[in-house]
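All remarks here apply to the structure that follows.
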Amino acid sequence: MKLVDLTEFLVKNLVHDPETVSVKQIDSDEETIIEVLVSEDEIGAVIGKGGNIAKAIRTLVYAAAYVSGEKKVRINIDSI
């Protein structure tokens with residue numbers, strides 16, 4: 001499974017309106033950046049109290065990247 005697809009699946013299942021979620025992959029020589037954009041109303045559902053949900057999303061994606069032999073991955077979560 002592609003890392004972007006995994007991230008998009010996880011985030012879309014957390015929000016009330018999945019149509020507002022945008023996930024993009026930006027590749028560089030040293031790392032892959034996955035940019036997650038959600039509406040301002042939904043950002044709390046994706047980040048969670050104390051950042052716990054965001055940490056869990058990052059852990060799952062980092063583990064998938066490690067298993068598939070991908071280079072370093074970074075996830076940025078922001079609101080539109």
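The values are calculated or read from the model by the stated rules, or taken from the named source; none is laboratory data. Quick caveat: nothing in here was measured; it's all calculated off a predicted structure. Reconstructed Cβ throughout: ideal geometry from the backbone, glycine too, with neighbour counts over all protein chains shown. Calculation scope for accessible area: heavy atoms of the full protein, side chains included, ligands and nucleic acids excluded. Shrake-Rupley method; radii C 1.70, N 1.55, O 1.52, S 1.80 Å.
Quick check on my filter: what residues within region 5-21 are open to solvent by 40 Å² or more (accessible area, probe 1.4 Å) and within 13 Å of the chain's Cα centre (by Cα)?
ASP5, GLU8, PHE9, LYS12, ASN13, LEU14
Looking at this structure, is ALA45 within 16 Å of LEU6 (Cβ to Cβ) and either surrounded by fewer than 16 Cβ atoms within 10 Å (Cβ to Cβ) or aliphatic (A, V, I, L, M) (or both)?
Details: within 16 Å of LEU6 (Cβ to Cβ): no; either surrounded by fewer than 16 Cβ atoms within 10 Å (Cβ to Cβ) or aliphatic (A, V, I, L, M) (or both): yes.
Taking the combined requirement at face value, the residue does not satisfy it.
Residues of region 23-36 being part of a strand (DSSP E or B) and open to solvent by 40 Å² or more (accessible area, probe 1.4 Å), which ones?
Those that are part of a strand (DSSP E or B) and open to solvent by 40 Å² or more (accessible area, probe 1.4 Å): LYS24, GLN25, ILE26, ASP27, GLU35.
Residue check, VAL46 against (1) of a type in the set (A, V, I, L, M, F, W, C); (2) touching a Leu at 6+ places or on another chain (Cβ under 6 Å); (3) over 14 Å from SER79 (Cα atoms), all met but one. Which one?
It fails just one condition, (3).
Pull out all pairs, ordered by first then second residue, where Cβ-Cβ is under 8 Å, the residues are six or more apart or on different chains, the first lies in region 1-14 and is in contact (Cβ under 8 Å) with a residue 24 or more places away in the chain and more than 19 Å from GLY44 (Cβ to Cβ), and the second is of a type in the set (A, V, I, L, M) and part of a helix (DSSP H, G or I).
From region 1-14, the pairs are MET1/ALA64; LEU3/VAL61; LEU3/ALA64; LEU3/ALA65; LEU6/LEU60; LEU6/VAL61; LEU6/ALA64.
Going by the conditions given, is ALA54 in a helix (DSSP H, G or I), open to solvent by less than 50 Å² (accessible area, probe 1.4 Å) and in contact with a Gly (Cβ under 9 Å, 6 or more places away or on another chain)?
yes
Restricting the first residue to region 45-61 and requiring it to be closer than 16 Å to LYS12 by Cα, which pairs with a second residue that is open to solvent by 90 Å² or more (accessible area, probe 1.4 Å) and outside any helix (DSSP H, G or I) meet a Cβ separation below 8 Å and a spacing of at least six or different chains?
ALA45/HIS16
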